[in-house]
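The values are calculated or read from the model by the stated rules, or taken from the named source; none is laboratory data. None of the values given here were measured: they were computed from a predicted structure. Using ideal geometry, Cβ is built from the backbone for each residue, glycine included, and neighbour counts are taken over all protein chains shown. With ligands, DNA and RNA removed, areas are computed over all heavy atoms of the protein, side chains included. Shrake-Rupley method; radii C 1.70, N 1.55, O 1.52, S 1.80 Å.
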Amino acid sequence: MPMSSSFHHLFEVLPEGRRAQAERRYAEHAPALHGCLHALYGRTPGFELWYGRLLSTVAELLAARSPALAALDAERAAQPAWFLGQQMLGYCAYVDRLGGDLRGVARGIPHLQELGVRYLHLLPFLKMRKGENDGGFAVASFEEVEPRFGNNADLEALTESLRAAGISLCSDFILNHVADDHPWALGARAGDQRLRGYFHLFPDRVLPDRYEKTLGQVFPQAAPGNFTEVPAAGGWAWTTFYPYQWDLNWSNPEVFAEMASTLLRLANRGIEVFRLDSTAFLWKREGTNCMNQPEAHLILQALRALASIAAPGVLLKAEAIVPMRELPAYFGQAAQPECHIAYHSSLMAAAWGSLAEQDAALVRKVVEGTPPLPPHASWLSYVRCHDDIGWNVLRAEASETGDPQARLAAISRFFAGDGGSYARGEAFQSSDPRAAHGSNGMAASLVGLEGAADDESEGLALRRLMLLHGLALSFGALPVLFMGDELGQVNDYSFRQRPDRAMDSRWLQRPAFDEERLAQRHEANTQAGRVYAALRSLVAARQRLPALAAGEPRSLLSSAPSVLALQRGPAFLALYNFSGKPQQFALQGQWTDAIERGTLSGEITLAPWAMYWLERDH
């Protein structure tokens, strides 16, 4: 590895006061960086020259990092567990739905502070494809903000305001694809051979048909197949998601260099966390489903090494919606760490599934199968997000009682409102009632709050809502709230009137933030006030309970089939009744209710869909 020849040259562009620190970081992370990139691209002619150019670009971006961000880097490098404590709470929202634009989001910071938020994930806000754009996930430019939301100066002002409030901004960074009107795609369509190499383009259907034999489909109804004919490009483009999203060719080292430098430029604008979208799909290999390939992990490990050198205050978060057995790989290994955070989609889906079945078996199986976290890493827990609840991540867990497809399809039908269910949701991307793909809807609608006809129905729905949030807050993760859930917002059905959205029921869970409900949040005689008070009580309790930090030990106690008894360390116990019937649980010793502060001992009764957070008395 040519470290000695490039080492000193690499940091000549840095201010003298930061040079020694950068050299130490390079010495620590360069072996992993070079090793990953050599494994990916070492057979490419001129690899070492390419590697040197990449390092020069990284050094220039490091030199351009502001003093405030450089100070944040030093602080977080010295405290790598800064995001693992029980005080961490995330919030996820669309810019336009939350505040209209970036300046409007900034005006909403006091609400986030009142909630206890330390991490704000704003869904795609970079320049989007014109027309259909998959909610912004079809990026037309990584270099500028979507004009409707403001400009780059507004983004930098927002990141400064958030940092001053103790909140880190998380941005989506879409790795797998760009929009078909991105400059790279436009150049490829126009015949630029260098840019054509940025994509998977085929002159005919011979290779696409061979690949299709083993590929799945992300949107089988709205966008069947994985390839799109593009006559202007002279053939077929690989389009895993929608026809207007062209998959990038990560086997081309120039794609890695472009995307890596793009990430670091965005980090220099003040983004502190990157949600690495569609990470499982990055590497293509004939005869496989082209998901979770070893090279995809090498790409992420190389990005982590670069961030550790040039922006160590930044976190990488894997959006890998894959079965539990495949998820731990996204943390990497000790010598080659990967992502700091990974979505625990299996926990989320299993909690909803257990609610539908009124049995804790699914969620218990997922908790049992969740391995301990590596150092300085965290799961991300959540109840709802902008996407569907994907049931197929639970195939392994659901197979223990027979046909997993039938079991998960029954759960999907439940949340679509079948059979007298309290839920008001819709199935996603499945026309077959015997199949399970996904379910959509706001959390409040799925637990029955939308259809509650009286105080009793509303009370039971509120219990179900807090049961799910209680699990996400106590599991041992970085919990993230979805915009509007703190106010009990329900489905938005207006998407059906828009041709560009009517086929995508995920817009059910993307309503505009309800300012009227926000104004009612402290009023106990309103539904919004009751939801807000209940959730704030859970968040406040979590903030003072060190046992609920991400890395603290977790175990399960024996309980009734519908009860999940989750112990965190020796002195904290969470009880969750997933059924509509009262359940008993025998406590050993004396405990204090962490929410109500009453004392409990012996056999206790959990009301339907009730939960307890208990602290052991000493």
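Is there a residue in segment 335-342 that is open to solvent by less than 10 Å² (accessible area, probe 1.4 Å) and farther than 30 Å from Q489 by Cα? Yes; the residues of segment 335-342 include at least one that is open to solvent by less than 10 Å² (accessible area, probe 1.4 Å) and farther than 30 Å from Q489 by Cα.
P67 meets all of the listed conditions (1) open to solvent by 30 Å² or more (accessible area, probe 1.4 Å); (2) under 22 Å from S378 (Cβ atoms); (3) not hydrophobic (A, V, I, L, M, F, W, C) but one, namely (2).
Check R496 against each of (1) in a helix (DSSP H, G or I); (2) of a type outside the set (S, T, N, Q); (3) under 21 Å from the mean Cα position of the chain (by Cα) and name the one condition it does not meet. Going through the list (1) in a helix (DSSP H, G or I); (2) of a type outside the set (S, T, N, Q); (3) under 21 Å from the mean Cα position of the chain (by Cα), R496 breaks only (3).
Filtered by the rule that a residue be among the charged types (D, E, K, R) and either surrounded by fewer than 22 Cβ atoms within 10 Å (Cβ to Cβ) or within 19 Å of the chain's Cα centre (by Cα) (or both), segment 367-401 gives E368, R384, D387, D388, R395, E400. Every test in (1) surrounded by 22 or more Cβ atoms within 10 Å (Cβ to Cβ); (2) modelled with pLDDT under 95 is passed by A78 save one, and that test is (1). When we screen F149, F137 for residues that are closer than 28 Å to M503 by Cβ and touching a helix residue (DSSP H, G or I) at 6+ places or on another chain (Cβ under 6 Å), the only hit is F149.
Scanning segment 209-255 for residues that are open to solvent by 20 Å² or more (accessible area, probe 1.4 Å) and part of a helix (DSSP H, G or I) yields D209, R210, Y211, E212, P231, A232, E254. Applying the criterion of being open to solvent by 10 Å² or more (accessible area, probe 1.4 Å) and free of Cβ contacts under 8 Å to residues at least 60 places away in the same chain to the residues of segment 259-290, the residue that is nearest to I309 (Cα to Cα) is W283. Selection of first residues in segment 409-420 that are within 15 Å of S445 (Cβ to Cβ) and of second residues that are aliphatic (A, V, I, L, M) and modelled with pLDDT of 95 or more, restricted to Cβ pairs under 7 Å at least 6 apart or on distinct chains, gives the following pairs, ordered by first then second residue: F414/A356; F414/A423; F415/A356; F415/A423; F415/L446; G417/A423. Tell me which residues, restricted to segment 463-504, are of a type in the set (D, E), at pLDDT 95 or above and open to solvent by 20 Å² or more (accessible area, probe 1.4 Å). Residue satisfying the conditions is D492 alone. The criterion of at least 1 residues that are touching a residue at least 24 places away in the same chain (Cβ under 8 Å) and either of a type in the set (F, W, Y) or open to solvent by 20 Å² or more (accessible area, probe 1.4 Å) (or both) is met, among strands (runs of 3 or more DSSP E) falling completely within segment 82-155, by 90-93, 119-122, 139-145. Is it the case, given these coordinates, that S555 is part of a loop (DSSP other than H, G, I, E, B), open to solvent by less than 70 Å² (accessible area, probe 1.4 Å) and over 29 Å from R107 (Cβ atoms)? Taking the combined requirement at face value, the residue does not satisfy it.
Checked against the criterion of being in a loop (DSSP other than H, G, I, E, B) and touching a residue at least 12 places away in the same chain (Cβ under 8 Å), the candidates E400, E450, E458, E486 yield just one match: E450.
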